[in-house]
1. With the condition kept exactly as written, say whether any residue in the range B:28-41 is touching a residue at least 40 places away in the same chain (Cβ under 8 Å), charged (D, E, K, R), within 14 Å of chain A (Cβ to nearest Cβ) and surrounded by fewer than 17 Cβ atoms within 10 Å (Cβ to Cβ).
2. Looking at B:Leu127, B:Leu56, can you tell me which residue is out of contact with any Ser or Thr (no Cβ under 8 Å at 6 or more places or on another chain), free of Cβ contacts under 8 Å to residues at least 40 places away in the same chain and crowded, with 17+ Cβ neighbours inside 10 Å?
3. Out of the residues in the range B:70-93 that are within 26 Å of A:Asp53 (Cα to Cα) and of a type in the set (S, T, N, Q), which is farthest from the other protein chains (Cβ to nearest Cβ)?
4. Can you tell me which residue within the range A:101-121, out of those that are at pLDDT below 95 and among the polar types (S, T, N, Q), is surrounded by the most Cβ atoms within 10 Å (Cβ to Cβ)?
5. Among the residues of the range B:122-136, count how many are at the interface with another protein chain (Cβ under 10 Å from one of its Cβ atoms) and either part of a strand (DSSP E or B) or among the aliphatic types (A, V, I, L, M) (or both).
6. Return yes or no: is A:Val48 among the β-branched types (Val, Ile, Thr), surrounded by 15 or more Cβ atoms within 10 Å (Cβ to Cβ), touching a helix residue (DSSP H, G or I) at 6+ places or on another chain (Cβ under 6 Å) and more than 15 Å from A:Leu32 (Cβ to Cβ)?
7. Given the criteria on the phi > 0 side of the Ramachandran plot and either touching a Ser or Thr at 6+ places or on another chain (Cβ under 9 Å) or of a type in the set (Ser, Thr, Tyr) (or both), does A:Ser64 qualify?
8. Among the listed residues B:Ala104, B:Ala124, identify the single one that is among the small types (Gly, Ala, Ser) and under 24 Å from A:Leu119 (Cα atoms).
Number of protein chains: 2
Amino acid sequence: MSSLATPHAETPEQAVRAANRSFYAAFESLDLAQMETIWLQEDWIECVHPGWDLLLGWEEVRESWMRIFANTQRVKIALSSVWAHVEGPLAWVACTEHVTSAFATGFDEVLVQATNVFLLRDGAWRLVVHHASPLPAKPKGTVQ
Amino acid sequence: MSSLATPHAETPEQAVRAANRSFYAAFESLDLAQMETIWLQEDWIECVHPGWDLLLGWEEVRESWMRIFANTQRVKIALSSVWAHVEGPLAWVACTEHVTSAFATGFDEVLVQATNVFLLRDGAWRLVVHHASPLPAKPKGTVQ
């Protein structure tokens, strides 16, 4: 968990942006153990994957990542328009995900708008809400 | 603003649920003045309408409602699976919107999953994040 802690030199916004990057690194890792360190494991956290119904509580959220990871061979996520706001012990990040996935049957490229809410608990910013929704496809730019 | 204030007899969760209902009442009213009382008018609030890009700050959010209201003759929104969680001065609500809209050219019925984040400011729960995304259509139930 130490990688999520807030070093004293960091502003809260920098720490939240780092937590957001850690979330997408865990997503790309396809490693459930890594994803488990990102979320606050409470029964009131929520997650909406693009086009999915609401998932409520860590048990449902964990199972969804298990399914996604089991059905994905590789995923690469580039972020653009990353925007963050901190209000005391809560913060949210809005960002556009450029997701390239490889499945057994081929590739998929989608554009997703995400809102991620983080809660500061024991010195670490933990994910409590992930709401991701499909965006219309756009001409490709130079996204990193 | 008094309609958004928290009466002493209400729990914070009840007050947040009431604020959420007020948001949808303002949406149904198609009245910009009513919608203006719902949002915290800061430059860091965010709004994602289904399939739209991120809107950032009250000016962009206000303009989006102006456009939506100008292009809608009537709208009815029934909510289901309304779920709320309060963390101190911040709270979020997840709910499914069953939206029926009447335009100049006809009717539209859509199912939307929404995450609404509220911030307690001067005794009133004000909307700071609205992220709404399309859900696949489902067989109709008895939704109120």
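The values are calculated or read from the model by the stated rules, or taken from the named source; none is laboratory data. Here the structure is a predicted model, which means the values were calculated and not measured. Every residue, glycine as well, gets a Cβ built from its backbone with ideal geometry; the counts of neighbours run over all protein chains shown.
1. First pass over the range B:28-41, keeping only residues touching a residue at least 40 places away in the same chain (Cβ under 8 Å): B:28, B:30, B:38-40.
Cutting the leftovers down to charged (D, E, K, R) gives us B:28.
Pick out the ones that are also within 14 Å of chain A (Cβ to nearest Cβ) and you get none.
Scanning the range B:28-41, I find no residue that is touching a residue at least 40 places away in the same chain (Cβ under 8 Å), charged (D, E, K, R), within 14 Å of chain A (Cβ to nearest Cβ) and surrounded by fewer than 17 Cβ atoms within 10 Å (Cβ to Cβ), so the answer is no.
2. Details: B:Leu127 fails: free of Cβ contacts under 8 Å to residues at least 40 places away in the same chain.
The unique qualifying residue is B:Leu56.
3. First, pick out the residues of the range B:70-93 that are within 26 Å of A:Asp53 (Cα to Cα): B:75-87, B:90-93.
Filter again for of a type in the set (S, T, N, Q), leaving B:80-81.
Working: B:Ser80: 11, B:Ser81: 7 Å.
Per the criteria, the residue is B:Ser80.
4. A:Ser101
5. Of all residues in the range B:122-136, those at the interface with another protein chain (Cβ under 10 Å from one of its Cβ atoms) come to B:128-136.
Within this subset, residues satisfying the condition of being either part of a strand (DSSP E or B) or among the aliphatic types (A, V, I, L, M) (or both) are B:128-135.
Qualifying residue count, the range B:122-136: 8.
6. Numbers: among the β-branched types (Val, Ile, Thr): yes; surrounded by 15 or more Cβ atoms within 10 Å (Cβ to Cβ): yes; touching a helix residue (DSSP H, G or I) at 6+ places or on another chain (Cβ under 6 Å): no; more than 15 Å from A:Leu32 (Cβ to Cβ): yes.
Answer is no for this residue.
7. On the way: on the phi > 0 side of the Ramachandran plot: no; either touching a Ser or Thr at 6+ places or on another chain (Cβ under 9 Å) or of a type in the set (Ser, Thr, Tyr) (or both): yes.
The answer is no for A:Ser64.
8. Numbers: B:Ala104 fails: under 24 Å from A:Leu119 (Cα atoms).
None of the other options fit; the residue is B:Ala124.
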